[in-house]
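This report refers to the structure that appears directly beneath it.
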Amino acid sequence: MKFIEDKLQHKQLVLLDGATGTELEKRGVPMNSKAWSAEAILSHPHIVQAVHEDYINAGVDIITVNSFSTARHMLLPAGLMGQFRHLNREAVKLAVQAREKAATGPVAIAGSIAPTTFCGDPTKCYPPLDEALSWYAEQAELLAASGVDLLLIEMIEDIEQGSLAVQAACTTGLPVWLGFSCRRNDTGDIMLWGREQTLTEGVEAIAGIGGSAAFIMHTEVADSAEAFSLLKTCWQGTLGVYAHSGRFVMPNWEFNGIISPEEYAVAAGRWIKMGAQIIGGCCGIGPAHIRELKKQYCPARSFS
Ligand SMILES: [Zn+2]
């Protein structure tokens with residue numbers, strides 16, 4: 001993580017990868033109707049590793065482990081709970097192998113932890129709150145022990161679950177970054193994704209728990225600048241954005257009308273101007289988009 005901290009300190013842009021789950025789908029890997037991209041770790045490990053390698057070749061500083069949907073509450077409805085430890089260990093192993101094979105400079109590995117669920121009825125997959133904390137802690141510790149350099153809490157939309165995930169991740173001692181997912185409601189307010197609280201209410205409730213960077217992520221490109229300006233008003237640490245393009249019809253992402261790499265880079269340029277120090281992409285955003293960001297905003301790596 002030292003090179004990431006140095007970059008942030010010297011006001012250099014840090015480049016995250018793009019989507020992992022939707023990129024697997026794009027390459028023909030079937031998505032599980034309940035546990036989404038988790039099964040790909042066992043069924044298509046070479047494609048998971050190839051996605052990581054493609055992002056490393058695009059010049060990213062950080063790749064994200066395919067562990068978004070390997071939380072216990074995601075695996076439970078898919079009948080995959082028994083594979084929890086194995087799936088998380090294997091997911092990190094694929095990212096580590098990709099780094100060993102493709103990296104020519106430093107690349108950090110972020111473990112993804114999702115406090116969200118694809119369950120139609122969340123009460124059927126989230127455990128009671130005290131137990132939920134131990135589930136998040138177990139995943140955070142497992143990812144840390146398997147070799148990730150930082151933990152990225154992705155798609156914070158529920159304040160209660162998001163708080164527990166952040167609290168659990170902070171106990172590992174690794175850097176913890178927080179990804180807030182937003183949507184615009186009918187009256188034009190920027191809300192937490194799928195919830196009735198505003199983004200500002202969510203950030204204010206969670207910011208005191210911990211974490212060193214906060215992101216607007218898994219949010220429409222068109223809404224991300226306004227969401228980012230709200231995030232700036234209530235987050236004191238490092239800031240970043242990684243937006244999505246397209247639409248989820250579970251378990252598949254619809255790629256129709258997806259933003260071009262050039263258009264995405266224009267939007268990212270605006271976020272950078274507003275103060276985003278870390279950028280990347282979420283669902284629908286692939287290696288071509290990340291290559292364009294690298295070309296336009298990140299100076300070539302120096303090996304001196
Ligand atoms: Zn996404």
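The values are calculated or read from the model by the stated rules, or taken from the named source; none is laboratory data. Quantities reported herein were computed from a predicted structural model and do not represent experimental measurements. Here the Cβ is made from the backbone with ideal geometry for all residues, glycine too, and neighbour counts use every protein chain on show.
Inside the stretch 95-107, can you point out the residues that are farther than 17 Å from GLN139 by Cα and either over 18 Å from the mean Cα position of the chain (by Cα) or part of a helix (DSSP H, G or I) (or both)?
Residues satisfying the conditions are VAL96, GLN97, ALA98, ARG99, GLU100, LYS101, ALA102, ALA103, THR104, GLY105, PRO106.
Six or more apart or on different chains, Cβ atoms under 9 Å: show the pairs whose first residue is in the stretch 167-186 and basic (Lys, Arg) and whose second is away from the ligand (no atom under 16 Å from the Cβ) and at pLDDT 95 or above.
Every condition considered, the pairs that remain are ARG183/ILE190; ARG183/MET191; ARG184/ILE190; ARG184/MET191; ARG184/GLU226.
Give me the residue from the stretch 204-229 that is in contact with a Leu (Cβ under 8 Å, 6 or more places away or on another chain) and either assigned to a strand (DSSP E or B) or free of Cβ contacts under 8 Å to residues at least 12 places away in the same chain (or both) and, out of that set, surrounded by the most Cβ atoms within 10 Å (Cβ to Cβ).
If we take residues in the stretch 204-229 being in contact with a Leu (Cβ under 8 Å, 6 or more places away or on another chain) and either assigned to a strand (DSSP E or B) or free of Cβ contacts under 8 Å to residues at least 12 places away in the same chain (or both), then PHE215 is surrounded by the most Cβ atoms within 10 Å (Cβ to Cβ).
Just name the residue that is nearest to the ligand (Cβ to nearest atom) out of those in the stretch 240-290 that are under 20 Å from SER37 (Cβ atoms), in a strand (DSSP E or B) and in contact (Cβ under 8 Å) with a residue 60 or more places away in the chain.
HIS244
Return the pairs, sorted by first residue and then second, in which the second residue is modelled with pLDDT under 95, the first residue lies in the stretch 99-111 and is under 13 Å from GLY147 (Cα atoms), the beta carbons are less than 8 Å apart, and the residues are 6+ apart or on different chains.
Within 8 Å, the pairs are ALA108/MET1.
Having 1 or more residues that are within 16 Å of the ligand (Cβ to nearest atom) and over 15 Å from the mean Cα position of the chain (by Cα) is the bar; report the strands (runs of 3 or more DSSP E) wholly within the stretch 112-202 that clear it.
176-184, 190-192
Looking at the stretch 225-277, which of the residues that are in contact with a Ser or Thr (Cβ under 8 Å, 6 or more places away or on another chain) and of a type in the set (Val, Ile, Thr) is farthest from LYS294 (Cα to Cα)?
Filtering the stretch 225-277 for residues that are in contact with a Ser or Thr (Cβ under 8 Å, 6 or more places away or on another chain) and of a type in the set (Val, Ile, Thr), the one farthest from LYS294 (Cα to Cα) comes out as THR233.
Residue-by-condition table, conditions (1) more than 21 Å from ASP17 (Cβ to Cβ); (2) aliphatic (A, V, I, L, M):
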| position | (1), (2) |
| --- | --- |
| THR198 | yes, no |
| ALA225 | yes, yes |
| ALA243 | no, yes |
| VAL249 | yes, yes |
| ILE272 | no, yes |
| GLY286 | no, no |
